[in-house]
Amino acid sequence: MKRTILSVLFMLFTLLSLPPYAFCQEVTGIEIVEFGIYNRDVEKIIPDASTLIGSRNVVKNPKLIEQTNKIVAKLGTSFGFRYKILGKSNGDTVTLEKELVFPETTNPVTGKTSSRSVTKLSRKIGSTYFTDFSFEEPWELAPGQYKISLFYNGRKLSEKIFFIESNN
């Protein structure tokens with residue numbers, strides 16, 4: 001009996017200590033605004049062991065070059081999409097998870113083989129963002145299906161599939 005009362009009191013204390021906005025943060029969807037091949041500037045490179053290449057780019061000024069989901073595998077080519085986060089409480093920060101699924105590839109420098117990478121993204125409800133993949137190394141030029149998905153609390157809210165063709 002004491003254990004139950006203590007558990008209930010602990011739960012109530014935990015809930016009451018949360019800020020008021022924690023109860024109303026809710027992402028209801030993600031709208032893909034545009035997709036295709038982009039030019040963009042790399043602002044900085046962040047080490048990230050969860051990616052096959054070992055880092056990820058922070059980019060700015062993405063400009064849509066061509067709306068398509070068919071991409072020719074060529075170094076420097078960047079493809080992805082702009083998306084808007086829909087939900088309650090515009091301006092509240094939430095954490096999304098970006099999953100990239102691609103043909104199995106091996107990094108010859110590290111010997112690591114993978115067909116998937118997952119990155120956490122801190123985003124604001126109501127804002128529009130850009131996400132992409134860029135061919136930066138010759139060993140990344142694998143033809144096949146590339147899928148970029150965005151999740152919130154384990155729920156898939158968007159997915160865009162790109163078909164990569166060989167550069168021959």
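Listed by position, the strands (runs of 3 or more DSSP E) inside the range 84-168 whose residues that are aromatic (Phe, Trp, Tyr) number at least 2 are 128-134, 144-152, 155-165. Looking only at the range 122-132, decide whether some residue is modelled with pLDDT of 95 or more, among the hydrophobic types (A, V, I, L, M, F, W, C) and within 18 Å of residue 57 (Cα to Cα). Yes, the range 122-132 contains at least one residue that is modelled with pLDDT of 95 or more, among the hydrophobic types (A, V, I, L, M, F, W, C) and within 18 Å of residue 57 (Cα to Cα).
Residues in the range 44-76 that are out of contact with any Ser or Thr (no Cβ under 8 Å at 6 or more places or on another chain) and not in a strand (DSSP E or B): 49, 53, 67, 68, 69, 74, 75.
Examine the range 64-73 for a residue that is of a type in the set (Asp, Glu), within 21 Å of residue 34 (Cβ to Cβ) and over 20 Å from the mean Cα position of the chain (by Cα), and state whether such a residue exists. It would help to see each step written out before you state the result.
Let us first name the residues in the range 64-73 that are of a type in the set (Asp, Glu), namely 66.
With within 21 Å of residue 34 (Cβ to Cβ) added as a condition, the list becomes 66.
Narrowing further to those that are over 20 Å from the mean Cα position of the chain (by Cα): 66.
Yes, the conditions are met somewhere in the range 64-73.
Among the residues of the range 23-54, just one is surrounded by 13 or more Cβ atoms within 10 Å (Cβ to Cβ), among the polar types (S, T, N, Q) and under 27 Å from residue 113 (Cα atoms), namely 51. Within the range 114-152, being in contact (Cβ under 8 Å) with a residue 40 or more places away in the chain, surrounded by fewer than 18 Cβ atoms within 10 Å (Cβ to Cβ) and over 21 Å from residue 38 (Cα atoms) holds for 114, 118, 126.
The values are calculated or read from the model by the stated rules, or taken from the named source; none is laboratory data. This structure is a prediction, so every number in the text was calculated from the model and none was measured. Note that each Cβ is placed from the backbone with ideal geometry, even for glycine, and that neighbours are counted across all protein chains shown.
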